[in-house]
Amino acid sequence: MKNSLVVLGSQWGDEGKGKIVDLLASDYDYVVRYQGGSNAGHTVIVGDKKYALHLIPSGILHEGKKNIITHGMVVSLEELIKEMNKVKDIVGNFEGRLFISDRVHLVFPYHKILDGLNEKAKGKKKVGTTLKGIGPAYVSKYARTGIRIADLFDPQYFRDRLQQAFNEAKNIAEKVYNESLNLDVNKIYFDTLKMFETIKPLVADTSLMLDKALRNGEKVLFEGAQGTMLDIDMGTYPYVTSSNSSALGLSSGTGVSPKLIGQSTVYGVSKAYVTRVGAGPFPTELLNEEGQKLRDEGFEYGTTTGRPRRTGWLDLVALRFAARINGMDGLIITKLDVLDKFDEIKVATGYKYEGEVIRDFPARLDILEKCKPVYKTLKGWDKSTKGIKKKEDIPKEVWNFIDTIEEETQTPVVMLSTGPERTEYVWVK
Ligand code: GDP
Ligand code: IMO
Ligand code: MG
């Protein structure tokens, strides 16, 4: 394996990235989050303890690893400190173990309020965001009214920027949405400076750090958040998140040259079926008992919001698309065990649209809405795959499932995950 690896979501998020990154982290020196924010909810289970990580990379539970929050993310200091407190028992001192880019943009309380107001105004057409202020924080960044951690080192400069950003948010709330912000800018100012004191020792030029690490042959693991189909450019727009959650966000999000980052191995994580939270197209969605069975067996409820996840059969049209745009070297199939109790398993190999079969994921929502999946039906395995450790113990029907995925996506399946625990996986290549 090359010295850097990207592990990212191939679907609409919640593929099990946290579990996979945690289990692979032992072989790496750095674990790096490069986009998104606390909209992510990455579950890591170690022994009888369960951690939901939102901002902190999923390598944090391993001793001696450097975890990096790069500038491609948007960070609420309040949530970061809360999360640090949750893992404090294990981590102890965060210095040398957690690094935060000086260029990272901050999420302020007004971003969260604007997220809610924006969703409310959309009515039935709402995106179903996590209400963590992610979209509005990226809007501030691109509108050049955002505030970076670097800006907090000069309290007067920060004061001026905050006042300007706050006035703008207040105007939007009042004039566009007819609501008041009900926030005190002075409180935000002093609270932020206070929280900054806790974070200050962790602030670093992470672009430089990563460039040096990669050139020195140190091992770097990049952890995607959300999933390819939620990518702002390539996902099911406008039902997407506000960052490049595919591999396309790696270079801009880390500040590492595309040439250097392009040498990484890329693994896409995909559930053995599909889930989605929030609104938007989902061609293989099951709104029947089978869908409920997937939800029950897979315990499909959001890590960040607790919302029930929408469920459906594995969509190989979307996966083929994800394999292509990410340049995937391998697929990691998670939650295989959830299919153990199904007599028959379906996978969509194409979509039927106006009498034609299409194999490439379309951009047009009106087409997607009319697409009917073309299914291949596979025999189930009628055995428990939970915790399988040896390749020889994998049922032949599972190999058939793997062959179909590989054939349709032209990507090797490298690992199966067969339970939520760190130890429940098997390499198949
Ligand atoms: P992430 O956002 O991609 O990290 O995924 P989440 O943590 O939001 O959701 C994945 C859920 O599935 C979590 O509850 C995990 O503990 C669980 N999980 C991960 N891998 C497996 C697996 O192979 N089998 C089962 N049954 N659960 C898994
Ligand atoms: P992880 O990293 C699943 C979805 C939201 C909504 C859309 C936009 O745990 O896989 P946002 O708050 O980002 O503006 O919401 O994106 N979404 C996720 N869905 N997993 C996630 O993260 C998600 N992060 C955002 O439900 O549909
Ligand atoms: Mg999640």
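The values are calculated or read from the model by the stated rules, or taken from the named source; none is laboratory data. From a predicted model like this one, the values you see are computed outputs, not experimental measurements. Cβ sites come from the backbone with ideal geometry, for glycine too, and all protein chains shown count toward neighbours. Just so you know, the surface numbers come from the protein's heavy atoms only, side chains and all, with ligands and any DNA or RNA stripped out. Shrake-Rupley method; radii C 1.70, N 1.55, O 1.52, S 1.80 Å.
Answer yes or no: is there a residue in segment 206-214 that is aliphatic (A, V, I, L, M), within 21 Å of Leu77 (Cβ to Cβ) and over 13 Å from the mean Cα position of the chain (by Cα).
Here is the first cut: in segment 206-214, the residues aliphatic (A, V, I, L, M) are 208-210, 213-214.
From the residues that got through so far, the ones that are within 21 Å of Leu77 (Cβ to Cβ) too are 209.
In the following step, the residues that additionally are over 13 Å from the mean Cα position of the chain (by Cα) were identified as 209.
Looking for residues that are aliphatic (A, V, I, L, M), within 21 Å of Leu77 (Cβ to Cβ) and over 13 Å from the mean Cα position of the chain (by Cα), one finds at least one in segment 206-214, hence yes.
Restricting attention to segment 76-105, which residues are open to solvent by less than 30 Å² (accessible area, probe 1.4 Å) and touching a strand residue (DSSP E or B) at 6+ places or on another chain (Cβ under 6 Å)?
Leu98, Ile100, Val104, His105
Being in a helix (DSSP H, G or I), free of Cβ contacts under 8 Å to residues at least 12 places away in the same chain and of a type outside the set (Asp, Glu) is the filter here, so list the residues in segment 81-96 that pass it. I'd like the intermediate steps shown before the answer.
At the first step, the residues of segment 81-96 found to be in a helix (DSSP H, G or I) are 81-91.
From the residues that got through so far, the ones that are free of Cβ contacts under 8 Å to residues at least 12 places away in the same chain too are 82, 85, 88-89.
Selection gives Lys82, Asn85, Lys88.
Are any residues in segment 120-132 away from ligand 3 (no atom under 16 Å from the Cβ) and open to solvent by 70 Å² or more (accessible area, probe 1.4 Å), and if so, which ones? Show your work before the answer.
First pass over segment 120-132, keeping only residues away from ligand 3 (no atom under 16 Å from the Cβ): 120-127.
Residues satisfying the conditions are Lys120, Ala121, Lys122, Lys124, Lys125, Lys126.
Looking only at segment 36-66, count every residue that is within 16 Å of ligand 2 (Cβ to nearest atom), farther than 19 Å from Ser243 by Cβ and in a strand (DSSP E or B) and tell me the total. Don't jump to the end; show me each part of the working.
Pass one, segment 36-66, residues within 16 Å of ligand 2 (Cβ to nearest atom): 36-45, 50-60.
Cutting the leftovers down to farther than 19 Å from Ser243 by Cβ gives us 43-45, 50-52, 59-60.
This time we only want the ones that are in a strand (DSSP E or B), so: 43-45, 50-52.
Residues meeting the conditions: 6.
Out of the residues in segment 359-383 that are of a type in the set (A, V, I, L, M) and part of a strand (DSSP E or B), which is least open to solvent (accessible area, probe 1.4 Å)?
We begin by selecting, within segment 359-383, every residue of a type in the set (A, V, I, L, M); these are 363, 365, 367-368, 374, 378.
Next, only the ones that are part of a strand (DSSP E or B) stay: 374, 378.
On the way: Val374: 45, Leu378: 11 Å².
For segment 359-383, the residue satisfying everything is Leu378.
In segment 46-75, how many residues are among the small types (Gly, Ala, Ser) and either within 13 Å of ligand 1 (Cβ to nearest atom) or under 18 Å from Lys86 (Cβ atoms) (or both)? Lay out the reasoning, then the answer.
The initial filter retains those residues of segment 46-75 that are among the small types (Gly, Ala, Ser), namely 47, 52, 58-59, 64, 72.
Narrowing the set further to residues that are either within 13 Å of ligand 1 (Cβ to nearest atom) or under 18 Å from Lys86 (Cβ atoms) (or both) leaves 47, 52, 58-59.
The qualifying residues number 4.
I want to confirm something. Restricting to segment 248-290 and keeping residues that are without any contact (Cβ under 8 Å) to a residue 60 or more places away in the chain and in contact with a Lys or Arg (Cβ under 8 Å, 6 or more places away or on another chain), which single residue is nearest to ligand 1 (Cβ to nearest atom)? Write out each step before concluding.
Restricting attention to segment 248-290, the residues satisfying the condition of being without any contact (Cβ under 8 Å) to a residue 60 or more places away in the chain are 251, 256-260, 262, 285-290.
Pick out the ones that are also in contact with a Lys or Arg (Cβ under 8 Å, 6 or more places away or on another chain) and you get 260, 285.
On the way: Leu260: 26, Glu285: 18 Å.
This residue is Glu285.
Which ones in segment 97-149 are of a type in the set (A, V, I, L, M) and without any contact (Cβ under 8 Å) to a residue 12 or more places away in the chain? Quick ask: steps written out before the conclusion?
Of segment 97-149, the ones of a type in the set (A, V, I, L, M) are 98, 100, 104, 106-107, 113-114, 117, 121, 127, 131, 134, 137, 139, 143, 147, 149.
Ala143 - this is the single residue of segment 97-149 that is of a type in the set (A, V, I, L, M) and without any contact (Cβ under 8 Å) to a residue 12 or more places away in the chain.
In this structure, does Ser10 turn out to be crowded, with 24+ Cβ neighbours inside 10 Å and away from ligand 2 (no atom under 14 Å from the Cβ)?
In short, no.
Select from segment 133-185 the residues that are outside any helix (DSSP H, G or I), open to solvent by 50 Å² or more (accessible area, probe 1.4 Å) and under 20 Å from Ile100 (Cα atoms) and list them in ascending order.
Within segment 133-185, Arg148, Asp154 meet the criteria.
Can you spot a residue in segment 17-26 that is more than 14 Å from ligand 1 (Cβ to nearest atom), more than 23 Å from Gly128 (Cα to Cα) and not assigned by TED's automatic domain parsing to the domain that holds Thr334? Outline the logic, then answer.
Taking segment 17-26 and keeping what is more than 14 Å from ligand 1 (Cβ to nearest atom), we get 26.
In the following step, the residues that additionally are more than 23 Å from Gly128 (Cα to Cα) were identified as 26.
If we keep only those that are not assigned by TED's automatic domain parsing to the domain that holds Thr334 too, we end up with 26.
Yes.
Among the candidates His54, His62, His71, which residue alone is touching a residue at least 24 places away in the same chain (Cβ under 8 Å), open to solvent by 20 Å² or more (accessible area, probe 1.4 Å) and within 17 Å of Phe196 (Cβ to Cβ)?
On the way: His54 fails: within 17 Å of Phe196 (Cβ to Cβ); His62 fails: within 17 Å of Phe196 (Cβ to Cβ).
Among His54, His62, His71, only His71 is touching a residue at least 24 places away in the same chain (Cβ under 8 Å), open to solvent by 20 Å² or more (accessible area, probe 1.4 Å) and within 17 Å of Phe196 (Cβ to Cβ).
Looking at Glu356, Glu300, Glu344, can you tell me which residue is at negative phi, assigned by TED's automatic domain parsing to the domain that holds Pro283 and open to solvent by less than 20 Å² (accessible area, probe 1.4 Å)?
On the way: Glu356 fails: open to solvent by less than 20 Å² (accessible area, probe 1.4 Å); Glu344 fails: open to solvent by less than 20 Å² (accessible area, probe 1.4 Å).
Testing whether each residue is at negative phi, assigned by TED's automatic domain parsing to the domain that holds Pro283 and open to solvent by less than 20 Å² (accessible area, probe 1.4 Å) leaves just Glu300.
Among residues belonging to segment 33-45 that are near ligand 1 (Cβ under 10 Å from one of its atoms) and touching an Asp or Glu at 6+ places or on another chain (Cβ under 8 Å), point out the one that is farthest from Ile100 (Cα to Cα).
Of everything passing the filter in segment 33-45, Ile45 is farthest from Ile100 (Cα to Cα).
Could you count how many residues in segment 20-40 are touching a helix residue (DSSP H, G or I) at 6+ places or on another chain (Cβ under 8 Å) and under 16 Å from Thr228 (Cα atoms)? If you could, list the steps in order and put the result at the bottom.
Taking segment 20-40 and keeping what is touching a helix residue (DSSP H, G or I) at 6+ places or on another chain (Cβ under 8 Å), we get 29-32, 34-39.
Restricting the remaining residues to those that are under 16 Å from Thr228 (Cα atoms) gives 34-37, 39.
The number of residues fulfilling the criteria is 5.
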